[in-house]
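A short write-up of the structure that comes next.
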Amino acid sequence: MRIFLDTANVDQIRQAKRLGVISGVTTNPSLMFQAGRADYRAAIQEICAIESGPVSAEVLSPEAEGMVEEAREVSKWAANVAIKIPATVAGLEATSILARENIKVNFTLCFSLNQALLGALAGAAYTSLFVGRLDDIGHDGMELVKEIVEVFNKYKLSTEVIAASIRHPLHCVAAAKAGAHIATVPYNVLMQMIQHPLTSIGVTRFAEDWQRITRAEG
Ligand code: G3P
């Protein structure tokens, strides 16, 4: 499973890149707002300069024609931009047009197997399942990821499944076990993934014991 960073905060992206574990970035208007980035184009281009893997940028038009126009424009901003298109009727139409133009689509705001299947058939490169939001309303988001991966494998669909709306480290474990191709994680969750109290205790103890040896020898 690959890991993308789910943020529009360039400091977080730079920091995560230094760790060598992320291979893409996903953004959306809410994340742009949280990062204080009203300069949409500049923000996407700055992110694409830091991350050479896919960087997802969302379009906002409600109709297919507008989505396609926006997507064509945004895809000129950088070579590695993927266009987030919502899982709606208009989104399907836009996805099929953009796929024929070799513009990578991240079919987003997916909450069902049918939506993901249709997005894949329309030619989306990625489909984003918002597992946290499904969990919020009492559904098992990660079970859905598992089912979609199984169906895509069964019918040899090449669309990659992104486990999105990740809220905590256990979601990452579950996404990996479910066979998600990618989990897109917030920065704080990425930091939590590497933490283990026994590692911290072990590092401290090794340092203390090394001090004891060097003191004894001195
Ligand atoms: O990748 C989608 C993500 O940004 C949505 O997360 O926490 O708003 O459901 P959340």
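What follows draws every value from the coordinates through simple rules; no lab data is involved. On a predicted model such as this, the values are computed, not experimentally measured, just so you know. Methodologically, a virtual Cβ is constructed for each residue, glycine included, from the backbone with ideal geometry; neighbour enumeration extends over all protein chains shown.
Odds and ends about this structure:
- Single match in Ile162, Ile148, Ile166, Ile182 (criterion: surrounded by 13 or more Cβ atoms within 10 Å (Cβ to Cβ), over 25 Å from Arg14 (Cβ atoms), of a type in the set (A, V, I, L, M, F, W, C) and touching a residue at least 24 places away in the same chain (Cβ under 8 Å)): Ile148
- So Ala124, is it away from the ligand (no atom under 12 Å from the Cβ) and either assigned to a loop (DSSP other than H, G, I, E, B) or small (Gly, Ala, Ser) (or both): yes
- Residue check, Phe111 away from the ligand (no atom under 16 Å from the Cβ) and either touching a His at 6+ places or on another chain (Cβ under 8 Å) or of a type in the set (Phe, Trp, Tyr) (or both): no
- Segment 153-175 - residue that is farther than 18 Å from Leu134 by Cβ and more than 15 Å from the ligand (Cβ to nearest atom) and, of those, nearest to the chain's Cα centre (by Cα): Thr159
- Only one of Leu134, Leu118 that is within 25 Å of Val189 (Cβ to Cβ), outside any loop (DSSP other than H, G, I, E, B) and either touching a residue at least 60 places away in the same chain (Cβ under 8 Å) or out of contact with any strand residue (DSSP E or B) (no Cβ under 8 Å at 6 or more places or on another chain) (or both): Leu134
- Listed by first and then second residue, the pairs linking a residue in segment 28-50 that is closer than 16 Å to Gln15 by Cβ to a residue that is part of a helix (DSSP H, G or I) and of a type in the set (A, V, I, L, M, F, W, C), with Cβ atoms under 9 Å apart and 6 or more places separating them unless they lie on different chains, are Ala35/Val10; Ala35/Ala43; Glu46/Val10; Glu46/Ile13; Ile47/Val10; Ile47/Ile13; Ile50/Val10; Ile50/Ile13.
- Only residues that are in contact with a Pro (Cβ under 8 Å, 6 or more places away or on another chain) and within 12 Å of Ala120 (Cβ to Cβ) were counted in segment 148-195, giving 0.
- Scope segment 29-42; condition within 15 Å of the ligand (Cβ to nearest atom) and either closer than 16 Å to Ile83 by Cα or surrounded by 15 or more Cβ atoms within 10 Å (Cβ to Cβ) (or both); matching residues: Pro29, Ser30, Leu31, Met32, Ala35, Arg37
- Among residues of segment 17-28, those that are of a type in the set (A, V, I, L, M) and away from the ligand (no atom under 15 Å from the Cβ), counted: 2
- Flag if Val173 is within 28 Å of Lys17 (Cα to Cα), surrounded by 19 or more Cβ atoms within 10 Å (Cβ to Cβ) and aliphatic (A, V, I, L, M): no
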